[in-house]
Amino acid sequence: MGVATRLPGRARLAGLAVAINVSPVQFHRAGLADRIEKILAESRIDPARIELEITETALLDAEAAVLTTMEQLHQRKVSFALDDFGTGYACLTSLRRFPFDKIKIDRSFVSNVGSTIDATIVHAVVSIGRALGLKVVAEGVETVEHQKFVATAGVHAMQGYLFARPLKSADVARFVAEFHDRFRPPTVAAR
């Protein structure tokens with residue numbers, strides 16, 4: 001999170017959010033919500049720009065404690081994504097019990113674009129997400145074919161090597177500037 005506070009051109013970052021994977025071990029440690037709130041206060045990052053990604057494994061044990069932590073952070077406008085959706089044990093139950101804002105379709109369903117079964121699953125997850133008012137993200141978009149497949153399915157966003165490889169923290173500022181310049185919406189002149 002320290003990188004975001006040092007990026008040049010803060011205006012460029014207005015719509016940018018930071019997604020952070022939280023492991024089951026981290027999520028079950030006492031005081032996680034307090035630690036995250038302290039980091040947010042120290043770094044002066046708007047909590048609405050933070051998204052915590054949680055796999056279903058984190059939800060399996062200590063359900064009440066997990067729910068309490070999520071609700072506490074959700075009240076501070078931190079959002080939550082259910083990561084690797086479709087690979088866990090209680091996907092649909094998790095959507096009902098926990099305050100998720102987003103579903104991330106696991107890459108295993110995206111990578112096999114020729115499979116009728118995987119295509120059906122992707123479309124079903126998108127339908128469930130929309131019906132529940134959740135954003136849906138496709139993970140593992142590595143080719144233009146993957147991109148077209150998930151775009152047709154109606155996902156809200158995509159992530160994968162087609163867009164960027166993992167970056168060192170020193171390279172993030174340059175990437176954000178280049179990405180912003182490359183995908184800047186066109187300006188319309190007033191008449």
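Here are some notes:
- Tallying residues that are surrounded by 14 or more Cβ atoms within 10 Å (Cβ to Cβ), among the aliphatic types (A, V, I, L, M), assigned to a helix (DSSP H, G or I) and over 18 Å from the mean Cα position of the chain (by Cα) within segment 96-121 yields 2.
- Residues in segment 131-146 that are out of contact with any strand residue (DSSP E or B) (no Cβ under 7 Å at 6 or more places or on another chain) and either in a helix (DSSP H, G or I) or under 15 Å from residue 99 (Cα atoms) (or both): 6 in all.
- Qualifying residue in segment 54-62 (condition: more than 24 Å from residue 135 (Cβ to Cβ) and modelled with pLDDT under 80): yes
- Of all the criteria given as (1) at pLDDT 85 or above; (2) surrounded by 13 or more Cβ atoms within 10 Å (Cβ to Cβ); (3) farther than 15 Å from residue 100 by Cβ, the one not satisfied by residue 42 is (2).
- Residue count for segment 122-137 satisfying the condition of being open to solvent by less than 50 Å² (accessible area, probe 1.4 Å) and within 17 Å of the chain's Cα centre (by Cα): 7.
- The set of residues from segment 58-79 being open to solvent by less than 70 Å² (accessible area, probe 1.4 Å) and of a type in the set (Gly, Ala, Ser) comprises 58, 62, 65, 79.
- Within segment 71-117, being aliphatic (A, V, I, L, M) and in contact with a Cys (Cβ under 8 Å, 6 or more places away or on another chain) holds for one residue alone: 82.
- Condition broken by residue 34, with the remaining ones in (1) over 15 Å from the mean Cα position of the chain (by Cα); (2) closer than 28 Å to residue 129 by Cα; (3) at pLDDT 90 or above satisfied: (2)
- Among residues of segment 20-66, those that are of a type in the set (D, E, K, R), part of a loop (DSSP other than H, G, I, E, B) and either under 22 Å from residue 85 (Cα atoms) or free of Cβ contacts under 8 Å to residues at least 12 places away in the same chain (or both), counted: 2
- Checklist (1) touching a Leu at 6+ places or on another chain (Cβ under 9 Å); (2) at pLDDT 95 or above applied to residue 175, failing item: (2)
- Within segment 152-172, restricting attention to residues that are of a type in the set (Gly, Ala, Ser), within 17 Å of the chain's Cα centre (by Cα) and at pLDDT 90 or above, the residue that is nearest to residue 102 (Cα to Cα) is 157.
- Scanning segment 25-38 finds no residues that are polar (S, T, N, Q) and open to solvent by less than 50 Å² (accessible area, probe 1.4 Å).
- With respect to the conditions (1) surrounded by fewer than 16 Cβ atoms within 10 Å (Cβ to Cβ); (2) of a type outside the set (Gly, Ala, Ser); (3) at pLDDT 95 or above, residue 145 lacks only one, and its number is (3).
The values are calculated or read from the model by the stated rules, or taken from the named source; none is laboratory data. Keep in mind it's a predicted model, so treat the numbers as computed, not measured. No Cβ is skipped: glycine too gets one built from the backbone with ideal geometry, and neighbour counts run over all protein chains shown. Protein only, heavy atoms only, side chains kept; ligands, DNA and RNA dropped before computing areas. Shrake-Rupley method; radii C 1.70, N 1.55, O 1.52, S 1.80 Å.
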